[in-house]
Amino acid sequence: MDISDIAMLEAITKYGSISKASEILHVTQPTLSRRLSRLESQLATSLFLRSSNGLSPTDHTKFIIESSEPIKTKIQSIERHIELMNTLEAGELRIGVGPIVEQLYFPYSILQLTNSPTSNLNITIRTEKSDDLKQLLLEGLVDIAVGPFEESSTREEYQIFPIASQPLMIATRAHHPLVEKYHGGRPIPLDELFSFPLIAPHIPQYMIDQMEALKDLNASRIICDNYSIIKDVVERSDQVTIGPSAIFSEEVANGKIVLTSLPVPIRWYAACIALASNACLPVIRRIIDVFREYDLPGTAL
């Protein structure tokens, strides 16, 4: 068997017809019929049941298709690795980013990646929460992920490159009751924080591990990963939120939002992660360098 045999079985299974499968695979119907007969002879079993409704896969065929997924994934990974080896000034680049990273680093990072006069890179950006980004990376749907990743929270298949770290802060409107009560930057007890309505993004597990009570933020009344919306809501209401200090720098400067410390110091981390097999490719290293070059206000690694 080879990978083309698997593609043939998948196409016939999907369409229930050799004629339709031959169109999709761009081969003639007699050629596909001969290939199927040869494979059935080689495996000494019937791969499809014939009926008036078309062809339906046998258990043998279902097993072959299901078992082939890791093989196809590996082949796709090899093909993508070769593509990335040739991608620096031209080609397709797929970047996955977390919501905070998207708003803190873009459009700076994109402009840096495309600032060469000879650059013909086509860049696709997907914004997802951290767990989804890692899965997209593992499935080969993004080439690099940039988000709230902490070293101990990544798997051995990945290589991690830290780019920033900031304290997690409570954010409220300027004249919020909590600000009036805890003036001077005194930490706000969590029971009082949670007595007010919350709007918050998904909280990564490594932050919850630092303070168990943060899991309540993942059950907040409004879950939102867009900080532009979050900040607008906070400015107009008694809603409270939480995030790294840099995300609120503009609103703090103009007096619209006030930051207050958590009772227990917690840090937000940002890092680039890539599959270990791709981490040393020039285009991946270039992305990492672009993110590392940008200094966030108050950032320390």
(request) From the list 164, 145, pick out the single residue that is of a type in the set (Gly, Ala, Ser), at pLDDT 80 or above, buried (at least 21 other Cβ atoms within 10 Å of the Cβ) and in contact with a Pro (Cβ under 9 Å, 6 or more places away or on another chain). (result) 164
(request) Take the residues in the stretch 228-281 that are in contact with a strand residue (DSSP E or B) (Cβ under 7 Å, 6 or more places away or on another chain) and acidic (Asp, Glu), then tell me which one is farthest from residue 172 (Cα to Cα). (result) 251
(request) Report whether or not residue 160 is farther than 17 Å from residue 99 by Cβ and over 18 Å from the mean Cα position of the chain (by Cα). (result) no
(request) Identify, by number, the condition in (1) in contact (Cβ under 8 Å) with a residue 60 or more places away in the chain; (2) not assigned by TED's automatic domain parsing to the domain that holds residue 186; (3) not aromatic (Phe, Trp, Tyr) that residue 202 doesn't meet. (result) (2)
(request) Output yes when any residue across the stretch 170-177 is in a helix (DSSP H, G or I) and either in the same structural domain as residue 227 (by TED's automatic domain parsing) or surrounded by fewer than 14 Cβ atoms within 10 Å (Cβ to Cβ) (or both), and no when none is. (result) yes
(request) Identify all residues within the stretch 273-287 that are farther than 21 Å from residue 101 by Cα and either in a helix (DSSP H, G or I) or among the small types (Gly, Ala, Ser) (or both); write none if there are none. (result) 276, 277, 282
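The values are calculated or read from the model by the stated rules, or taken from the named source; none is laboratory data. Computed from a predicted structure; not experimentally measured. All Cβ positions, glycine included, derive from the backbone under ideal geometry; neighbour counts span all protein chains shown.
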